[in-house]
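As structure tokens, the structure follows; a few thoughts come after it.
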Amino acid sequence: TMATFGRQVVKQAEVIEMTRTSLLAANVTTMKAADAAEALTAAVRQFNISYEASERVLDAWNNVANKNAVTAKQLAGAVSLGGVAARTAGVSFEQYTAITSALAEATRQAGSTLGRSLRMIFTRMYRPESLRALEQLNIQVREGTKSYRSAWNILSDLASVWPKLTRAQQIDIAT
């Protein structure tokens, strides 16, 4: 694991911290140290988290895994494939972990499948036709004239109206 971090040209203190966190992950999750090293690297880079704060990532995954029917490995797999799209859509690491956890519990899918699905959702929801469909439901998608609300906020608003929608409206929004 130290070699993994050493190849990333990070400071020695960062290498030591990431190695420590990876070894801790091997003890408290079902991931091996090398897999944890790769997963932690993906999370800190994709969500722009400092290497020194890598334990925050592990804590989040471990806490969610302990309280829900999801594993840290699923959460890590989802980050590696969907994290950049989530961050670009204004979703924080913690919010992404919550969304992934809910999907994992509901679908029992692998983290990689969840990550690919979320990447697709986050990239498609800002297409003009998607934005129009959301606006037709009176869901605010813009903040001012030049920026969009975060995907987390848009999805939260959608969740509040979802039960009131007809099946046809739900299908239109979902596709």
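Some notes on this structure:
- Residue satisfying all of: in the stretch 105-134; among the basic types (Lys, Arg) and exposed (fewer than 15 other Cβ atoms within 10 Å of the Cβ); nearest to Thr88 (Cα to Cα) among these: Arg124
- Checked against the criterion of being assigned to a loop (DSSP other than H, G, I, E, B) and within 16 Å of the chain's Cα centre (by Cα), the stretch 147-159 contains one or more residues that satisfy it.
- Selection status of Ser117, over 9 Å from the mean Cα position of the chain (by Cα), more than 21 Å from Thr21 (Cβ to Cβ) and assigned to a helix (DSSP H, G or I): yes
- Flag if Gly77 is in a helix (DSSP H, G or I) and closer than 30 Å to Thr30 by Cα: yes
- Selection count, the stretch 47-62, where residues are under 15 Å from the mean Cα position of the chain (by Cα) and open to solvent by 30 Å² or more (accessible area, probe 1.4 Å): 4
- Among (1) within 12 Å of the chain's Cα centre (by Cα); (2) within 21 Å of Leu155 (Cβ to Cβ), the one test that Ala42 misses: (2)
- Cross-chain or 6+ apart pairs with Cβ under 8 Å, the stretch 85-96 first and assigned to a loop (DSSP other than H, G, I, E, B), then open to solvent by less than 10 Å² (accessible area, probe 1.4 Å): Ala89/Phe122; Ala89/Ala151; Gly90/Ala151; Val91/Phe122; Val91/Ala151
- Cβ pairs under 8 Å, 6+ apart, first in the stretch 128-151 and closer than 15 Å to Ile173 by Cβ, second open to solvent by 90 Å² or more (accessible area, probe 1.4 Å) and assigned to a helix (DSSP H, G or I): Ser130/Arg124; Ala133/Asp172
- From the options Ala78, Ala85, Ala102, residue that is crowded, with 23+ Cβ neighbours inside 10 Å, at negative phi and modelled with pLDDT of 90 or more: Ala78
- Check on Ala33, among the aliphatic types (A, V, I, L, M), without any contact (Cβ under 8 Å) to a residue 24 or more places away in the chain and surrounded by fewer than 23 Cβ atoms within 10 Å (Cβ to Cβ): no
The values are calculated or read from the model by the stated rules, or taken from the named source; none is laboratory data. Owing to the predicted nature of the structure, the values given are computational and were not obtained by experimental measurement. A quick note on method: Cβ atoms are made from the backbone with ideal geometry, for glycine too, and the neighbour counts reach across all protein chains shown. SASA here: full protein model, heavy atoms, side chains in, ligands and nucleic acids out. Shrake-Rupley method; radii C 1.70, N 1.55, O 1.52, S 1.80 Å.
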